[in-house]
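Quick note: the coordinates plus some simple rules give every number you see, no bench work behind them. Given the structure is predicted, the values throughout are model-derived calculations rather than measurements. Every residue, glycine among them, receives a Cβ derived from its backbone with ideal geometry; neighbour counts consider all protein chains shown.
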Amino acid sequence: MTETKRVLSGIAPSGAPTLGNYLGALKFWVEDQSSADCFYCIVDLHAITVDQSPSVLKEQTLELAASLLAIGLDPKVSTIFIQSQVPEHTQLGWLMESTATFGELSRMTQFKDKGKGSNVTRASLFTYPALMAADILLYQTTHVPVGDDQKQHLELTRDLALRFNNKYGETFKVPHPEIPSVGARIMDLQDPKRKMSKSSETAAGNIYLTDEPDTIRKKIQRAVTDTENKVRFDPESTQKAGVSNLLTIFGALTNRHPVEIATNYSSYGTLKGDLIEATIETLEPIRKRIAELRCDDAALIGTLREGAHKAQLVARDTFDKAKEAMGLIA
Ligand code: ATP
Ligand code: LTN
């Protein structure tokens, strides 16, 4: 028997969404809408694991909400909501922290990278994978569309779900990651050893969904390549990291394999020119739609509240089940 596909994924309002977010995850969120029951969450509680100015956080949350609608997520089809408006996330988060071990959380590479051993690192940056597990497990999720950097967190989520089910009785579905074969890890245009990331300070290495065509043109023209001037897809080689990243972006935008694209080009100039056109073609309608949606923030907030109500109906059910299973009196 095939089980109903239930999708949940999340994105943090930690900056303006990038082409990396779009090609690694958001594009698949839109695709999944037609075949699954989808829950998409703006994970504001994850954003505050590092310092955020309150007014900037609010602005980024609204901009992200507009971006999610602008790429084609339909609130009549999918449940789109803000994590902090559904308190069961933090409540189940605590039960998950009481299921995960210190050793497991210490092994999470994202914590090691972002925390860098600093003693002002927030405790929530350490425990956040337990909250992420709660985000997913609350909805009896079967599939989680994410970029490659979330693989380890998904493995932890699966381990925690299995451990909980074995110890306390069948409570959670065990979810599967959905990681794209092309575009799962888009790199920074200026430093192709680093992943493109919306919280990065160097805007020149990121393409944002709201970049104007001229900005996109400049950023791609200035993207780091190498002096060999041979269009070859070899992401493992340090020398070819820049051009391989451009081929990956092109492949993910046009649903082709980067190796196949490489065979059509003999110079970086023509490759960059065509990539600029393909990027603008995808992003320009999105940019315009974001600007339109931002003319009515009250409507956006209303849509998200409705989403939170719908989400809570499902989340409450799972949370009560988990509480009961652990021996907490409901
Ligand atoms: P931050 O800089 O705050 O860590 P981020 O840009 O890494 O943000 P997230 O909100 O953490 O983005 O992730 C949202 C989704 O986008 C996740 O599924 C993540 O795997 C995916 N993603 C993020 N960056 C990339 C990238 N460079 N390439 C492909 N997918 C990405
Ligand atoms: N941890 C993810 C964002 C995130 C998420 C989730 C993704 C939070 N909760 C649930 C998928 C499912 C990140 O930092 N990229």
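With r as the distance between the Cβ atoms of Val77 and Val50 and R0 = 41 Å, compute the FRET efficiency 1/(1 + (r/R0)^6) and round to 0.05.
Numbers: r = 33 Å, r/R0 = 0.79.
Efficiency, from the Cβ-Cβ distance: 0.80.
For the chain, just say rounded, prolate or oblate: build the C-alpha gyration tensor, square-root its eigenvalues into a ≥ b ≥ c, call rounded for a/c under 1.5, and beyond that prolate if a/b exceeds b/c, oblate if not. Kindly include the intermediate steps, with their values, before the conclusion.
Numbers: a/c = 1.85, a/b = 1.59, b/c = 1.16.
Judged from the Cα gyration tensor, the chain comes out prolate (a/c at least 1.5, a/b above b/c).
Can you sort Thr248, Thr141, Thr282 by how many other beta carbons sit within 10 Å, fewest first? Before the final figure, lay out each step's value.
On the way: Thr248 22, Thr141 26, Thr282 18.
Fewest-to-most ranking of Thr248, Thr141, Thr282: Thr282, Thr248, Thr141.
Among Val259, Val231, which comes first, then next, by fewest other beta-carbon atoms within 10 Å? Numbers along the way, then the final one.
On the way: Val259 13, Val231 21.
Listed from fewest to most nearby Cβ atoms, that is Val259, Val231.
For a test of the definition: using alpha carbon positions, the gyration tensor, and the 1.5 limit on a/c, classify segment 264-320 as rounded, prolate or oblate. Before the final figure, lay out the partial values.
Details: a/c = 7.76, a/b = 2.21, b/c = 3.50.
Oblate is the answer for segment 264-320, as a/c is 1.5 or above yet b/c matches or exceeds a/b.
Take the Cβ-Cβ distance between Glu284 and Lys116 as r, set R0 to 35 Å, and report the resulting FRET efficiency rounded to the nearest 0.05.
Here the calculated transfer efficiency is 0.40.
Straight-line reach from Lys230: which aspartates and glutamates fall under 17 Å, measuring Cα to Cα and dropping same-chain residues less than 8 apart?
Within reach: Glu260, Asp274.
Work out the FRET efficiency for Lys218 and His176 from their Cβ-Cβ distance, taking R0 = 56 Å, and round it to the nearest 0.05.
Working: r = 40 Å, r/R0 = 0.71.
After rounding to 0.05, the efficiency reads 0.90.
Give, in nm to one decimal, the length gained when the segment between Glu277 and Thr227 is fully stretched (0.36 nm per residue of separation minus the Cα-Cα distance).
Working it through step by step, the gained length comes to 15.6 nm.
Under the rule a/c < 1.5 gives rounded, and otherwise a/b versus b/c splits prolate from oblate, where does segment 1-99 land using the Cα gyration tensor? Present the calculation step by step, with values, prior to reporting the outcome.
Numbers: a/c = 1.99, a/b = 1.16, b/c = 1.73.
It comes out oblate by the Cα gyration axes.
Could you sort out which of Lys151/Lys323; Lys288/Lys310; Lys167/Lys323; Lys167/Lys321; Lys27/Lys193; Lys198/Lys272 sit more than 18 Å apart by Cα distance in this structure?
As for pairs spanning more than 18 Å Cα to Cα, those are Lys151/Lys323; Lys288/Lys310; Lys27/Lys193; Lys198/Lys272.
If you fit an axis through the alpha-carbon atoms of helix 123-137 and take the longest principal axis of the Cα set of the chain, what angle between them do you get, 0 to 90°, nearest 10?
Here the helix axis deviates by roughly 80 degrees.
Enumerate the residues in segment 87-131 having an amide nitrogen under 11 Å from the point lying 7 Å beyond the Cα of Asp159 toward its Cβ.
The answer is 100-109, whose backbone nitrogens lie closer than 11 Å to the label point.
For His176, list long-range residues whose amide hydrogen, built 1.01 Å from N in the peptide plane, is under 5 Å from its own amide hydrogen.
Placed amide hydrogens put His143, Val144 under 5 Å from His176.
With N set to the residue count of segment 166-314, report its C-alpha Rg divided by 2.2 N^0.38 Å to two decimal places. Kindly include the intermediate steps, with their values, before the conclusion.
Working: Rg = 19.6 Å, N = 149, 2.2 N^0.38 = 14.7 Å.
Normalised Rg, Cα atoms only: 1.33.
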